[in-house]
Structure formats: structure tokens, C-alpha cells
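These notes are about the structure you will find just below.
The values are calculated or read from the model by the stated rules, or taken from the named source; none is laboratory data. None of the values given here were measured: they were computed from a predicted structure. Positions of Cβ are generated from backbone atoms using ideal geometry, with glycine treated the same way; all protein chains shown enter the neighbour counts. Accessible surface is based on the protein model in full, side chains and every heavy atom, while ligands, DNA and RNA are left aside. Shrake-Rupley method; radii C 1.70, N 1.55, O 1.52, S 1.80 Å.
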Amino acid sequence: EMTEEFARRRQRVLELVSEIPGIQCPEPAGAFYVFPDMSSYYGKSDGTNTISNAADLSMYLLNTAHVSSVMGDAFGEPNCVRFSFANSMEKIEEGWKRIKAALAKLH
């Protein structure tokens, strides 16, 4: 039952990620997280915060969208950021709504 639930969550997260411009996200084979390439946001700013790398982006999303993530440097992929989907569908959708809004502020 939980395997099916995580498959539904993974599919929904991939749909939500695909709605955000500039993100390249491979489908995870069996994990409970996605690991998208977020580097298209590097060098962008909301007027106050400038995103130079995955660490900046993770902190920006924490402070702006109130969503926790892990910078890809920790896994040898400096262009990526790791997002878990081990949560309820409602919270997953709310989190990605916040991420999308925060990223839309970057120019």
C-alpha cells in the first residue's frame, strides 16, 4: 500500500516540478525524493537575495517559501537540490506551490 502511495507522490511531484520553468528533473527510480537541476536560477536575484549556488537557493527557499531542502553539493551534484516527498499529498502540493512562487520572484 505504501509503495503505491509513494509512487503517486512521486508522480505528483514530477508534475508540479514540470510546471516550473528552468528546472530539469529526472524521475527517481525508487527514492522518496527528487533531485532536480536548479542551476538556471543561479545568478538571479529577488532584489534582496542573489542566488549564486545550491546553498544560496536552499537558504532562499527556506527563508522565502518556508520549505526545507538539501543542497546538492552534499551529494556531489552542485547544480542540484534535493526535495523529499515523504509527506502528505496536501503538504507536498502546498510546498511546491510556495517553491514556485518564490522562484518566480527571481530575475
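Values computed for the structure shown
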| item | result |
| --- | --- |
| Failed item, numbered, when Ile20 is tested on (1) in contact (Cβ under 8 Å) with a residue 60 or more places away in the chain; (2) in contact with a Leu (Cβ under 8 Å, 6 or more places away or on another chain); (3) part of a helix (DSSP H, G or I) | (3) |
| Among residues of the stretch 36-58, those that are in a loop (DSSP other than H, G, I, E, B) and either closer than 12 Å to Pro78 by Cβ or of a type in the set (Val, Ile, Thr) (or both), counted | 6 |
| Selection count where residues are hydroxyl-bearing (Ser, Thr, Tyr), open to solvent by less than 40 Å² (accessible area, probe 1.4 Å) and within 14 Å of Lys100 (Cβ to Cβ), scope the stretch 9-52 | 1 |
| Residues satisfying the stated conditions in the stretch 59-100, i.e. closer than 20 Å to Arg8 by Cα, of a type outside the set (A, V, I, L, M), open to solvent by 50 Å² or more (accessible area, probe 1.4 Å) and outside any helix (DSSP H, G or I) | Arg82, Ser84, Asn87 |
| Hits in the stretch 36-58 - residues which are charged (D, E, K, R) and closer than 25 Å to Leu14 by Cβ | Asp37, Lys44, Asp56 |
